[in-house]
Amino acid sequence: MKKKTRILAAVTGLSMGLVSLLGFAACTDTGAPEGSTEITFWYDCGLETQSVYRELVQTYNEAQGAEDGVYVVGSRKTGISSSARTQLTGGTPPNVVMISDAVFRAYAIDGLFLDLTEYYATEPGDYSEEGIPDNMTDRFRITVGENGQKTVVGAGETLYGVPFGNDPNMLFYNVGYFEGQGIHIISVPEEELDAYNEEHGTNFAAHGYAEYKPGYLTGDAASLSASANIAGDQVVKVFNNAIPTNWEEIRYLNKYFTKQYNASSPTERGYGNEWWFATCWSVGGDCIGWDGEKYNFTLADDTPNYLVTADSVTINGVEYTAGQTVRYEDKVAEDGIATMEGIYALPSQQDGLSEFLNMTWGTDKGGYGICYSDASYRTEGFTQGNSAIACNSFSSFLSFERSLGESVDMSVGYQYREYEGGSVYYEGGSDFAHEYLKVIGETYEGDVYTGELKEENGTPIVGNLTIHDATTALVIPARSDSSKYDAAWKFVRWAAGPEGQAILAKTGNVVPNQDSIALSDTFYALGGQNYYAAALMSRTSDVGDWGYFENGEWVTDWSNDFNGKLRVGTQTLSEFLAANEQKAQNACASTTIRIKGWR
């Protein structure tokens, strides 16, 4: 990825007045040219971005549509992407509709979408799945099982939907609060850091958040001011919003914004979040795992996960390459995996879950007390200045910007990462209250801490950088006018292709499906903020647990206790499992869906 790197203490943001910024007129939605086939397209968006969807339709009609002999009448239908069943089963469905992945599988199983496989094979136009991440395309490929066979979702299955736009979750932070704690902000992707350091004479380490001994930083960074850290020492604090923090860094960073650890904190607790995915998925865990015959409920699986460090290693007949985490199915099937060469043990799913819970549990419950258990602090609480960091969807950015202006920016998420010599030290105790981040350039136990990533066989010990998302697809309703199927496909392939996606990118709250558009300087430059983070997270994100199977109902037997008791600390993990594990196991083991290469 390429992006414009910058080093700054404050962000020079651009307020996104999208309608005036884009500078185009709305299309009329009427007046199909004589001889063309008129089709209807229902899309779902907010008022502030509907002008972009109108431009999408108008541009098609005036150019590619004229060549195709197709004229599109677009209609904004709020909520249609997640509640279209009635319209799809009615007498006159639209010819093309935008559908959320949250309902896609249930609708596809009921036969509501047209099979697009042949169209894609013979008439792809400029649309190609090669330019789209697998994490988007695979969820819209599904072969419906018959005669008691399982329905299979994933690569190689029947194509019923074409990915349209992605809305990943990510981190948002209050720039003013960071500056108030003496934290300097830079924005340099990890793969560009060496070149940046060479160009500017700097020696920044590959950390999302790091503290440096005064006098350690060089070149352009030598003048960065020092301030007191949580331990009371003078350090230079640097937050890089384009590199993931590790577990220790994100929790230590939140100490600055939690009054229990920092009397000058502007907030009671620093973090607003309610999702476990980023922590547990990073080490290769999940709440379900296919054992070769059925799904198991693995939320509290206490066996290690594994990172491949060899160039190539075969596990359970599956070839893995360096940097990949081993799937549950292969981990449990491979005898003696713990002693295999070329793999590195990572924390278990239970370890990842415990890390997540510790963030929200108060210190009276044995937790860190740095994250609000009330989910409102990732939305209203953040815009009202009651939390300094929030995990939320990219689409929230425009509303955050309206409330906070230049005081809000985006960051990539956090990730399991190990550094040579570890990340933290303890003084005066062994609990979180006495845990401090190691300072780069300081000496610990006789060795100068450099903050270098730990490696084995030349492979960095890092887990997956990932988080959950929402993705929409364009589908052709099976009950729509069959004489217009061809025309509908021509619009779908264009809207999901590079030209249509370049227009969709202008919304500023949807990441395009095409790598060529999402991973471009044009997308990164939509505003003064860090759009690179949204692009990167969209390339590594995936659907949350509510969307694994036919619909979200499988989680209801256990998610109420998880969110209402376990996450807030009124129920221990053992109590939660005693009340819910068997119910959850029954729900996932009896599902009629097999997720191939995805879960």
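Assorted remarks:
- Apart from one condition, Gln149 fits all of (1) surrounded by fewer than 20 Cβ atoms within 10 Å (Cβ to Cβ); (2) modelled with pLDDT of 95 or more; the exception is (2).
- Residue ID - modelled with the highest pLDDT, chosen from residues in the stretch 358-380 that are assigned to a helix (DSSP H, G or I), polar (S, T, N, Q) and surrounded by fewer than 23 Cβ atoms within 10 Å (Cβ to Cβ): Asn358
- Helices (runs of 4 or more DSSP H) wholly inside the stretch 524-599 containing at least 1 residues that are touching a strand residue (DSSP E or B) at 6+ places or on another chain (Cβ under 7 Å) and more than 30 Å from Leu504 (Cα to Cα): 573-589
- Being within 22 Å of Thr158 (Cβ to Cβ) and among the hydrophobic types (A, V, I, L, M, F, W, C) holds for only one residue in Ala502, Ala495, Ala470, Ala433, and it is Ala495.
- Considering residues of the stretch 222-242 that are of a type in the set (Ser, Thr, Tyr) and touching a residue at least 12 places away in the same chain (Cβ under 8 Å) only, the residue nearest to Tyr261 (Cα to Cα): Ser227
- Arg479 satisfies every condition listed in (1) touching a residue at least 24 places away in the same chain (Cβ under 8 Å); (2) of a type outside the set (Gly, Ala, Ser); (3) surrounded by fewer than 24 Cβ atoms within 10 Å (Cβ to Cβ); (4) farther than 27 Å from Gln87 by Cα except (4).
- A search for C-beta distances below 6 Å between a residue of the stretch 165-190 that is among the small types (Gly, Ala, Ser) and any residue that is part of a loop (DSSP other than H, G, I, E, B), counting only pairs 6+ apart in sequence or on different chains, returns Gly165/Val510; Ser187/Asn241; Ser187/Ala242; Ser187/Asn530.
- Inter-residue pairs, beta-carbon under 7 Å, first within 25 Å of Thr540 (Cα to Cα) and in the stretch 408-427, second of a type in the set (Asp, Glu) and part of a loop (DSSP other than H, G, I, E, B), 6+ apart: Tyr419/Glu452
- Of all the listed residues (Asp545, Asp521), the sole one being surrounded by fewer than 18 Cβ atoms within 10 Å (Cβ to Cβ), within 30 Å of Glu401 (Cα to Cα) and not polar (S, T, N, Q) is Asp521.
- Within this structure, Thr86 fails the test of being in a helix (DSSP H, G or I), at pLDDT 95 or above and under 31 Å from the mean Cα position of the chain (by Cα).
- Matching residues in the stretch 28-60 - criterion: being in a helix (DSSP H, G or I), of a type outside the set (Phe, Trp, Tyr) and touching a residue at least 60 places away in the same chain (Cβ under 8 Å): Glu48, Thr49, Val52, Glu55, Leu56, Thr59
- Selection of the stretch 433-476 for residues being among the aliphatic types (A, V, I, L, M), under 30 Å from Leu217 (Cα atoms) and in contact (Cβ under 8 Å) with a residue 12 or more places away in the chain yields Ala433, Leu437, Val439, Ile440, Leu453, Ile461, Val462, Leu465.
- Of all residues in the stretch 98-126 being under 24 Å from the mean Cα position of the chain (by Cα) and either of a type in the set (Asp, Glu) or outside any helix (DSSP H, G or I) (or both), the one that is nearest to Ser75 (Cα to Cα): Met98
- Flag for Thr137 being modelled with pLDDT of 95 or more, surrounded by 18 or more Cβ atoms within 10 Å (Cβ to Cβ) and either of a type in the set (Val, Ile, Thr) or touching a Leu at 6+ places or on another chain (Cβ under 7 Å) (or both): yes
- Matching residues, the stretch 332-357, being part of a helix (DSSP H, G or I) and over 26 Å from the mean Cα position of the chain (by Cα): Val332, Ala333, Ile337, Ala338, Thr339
- Residue, farthest from the chain's Cα centre (by Cα), within the stretch 295-331, restricted to residues that are in a loop (DSSP other than H, G, I, E, B) and of a type in the set (S, T, N, Q): Asn316
- Conditions (1) buried (at least 20 other Cβ atoms within 10 Å of the Cβ); (2) under 26 Å from Arg54 (Cβ atoms); (3) not small (Gly, Ala, Ser): number failed by Asn530: (2)
- Residue in the stretch 504-520 that is more than 18 Å from the chain's Cα centre (by Cα), among the hydrophobic types (A, V, I, L, M, F, W, C) and not in a helix (DSSP H, G or I) present: no
- Residue in the stretch 330-352 that is surrounded by the most Cβ atoms within 10 Å (Cβ to Cβ), counting only those that are in contact (Cβ under 8 Å) with a residue 24 or more places away in the chain and among the small types (Gly, Ala, Ser): Gly352
- Among the residues listed as Gly289, Gly285, the single one being of a type outside the set (Asp, Glu), part of a loop (DSSP other than H, G, I, E, B) and either surrounded by fewer than 18 Cβ atoms within 10 Å (Cβ to Cβ) or touching a strand residue (DSSP E or B) at 6+ places or on another chain (Cβ under 7 Å) (or both): Gly285
- Which numbered condition Trp546 fails, given (1) at pLDDT 95 or above; (2) touching a Gly at 6+ places or on another chain (Cβ under 6 Å): (1)
The values are calculated or read from the model by the stated rules, or taken from the named source; none is laboratory data. Predicted model only: the values in this text are computed from it and were never measured. All Cβ positions, even for glycine, are placed from backbone atoms using ideal geometry, and neighbour counts span all protein chains on display.
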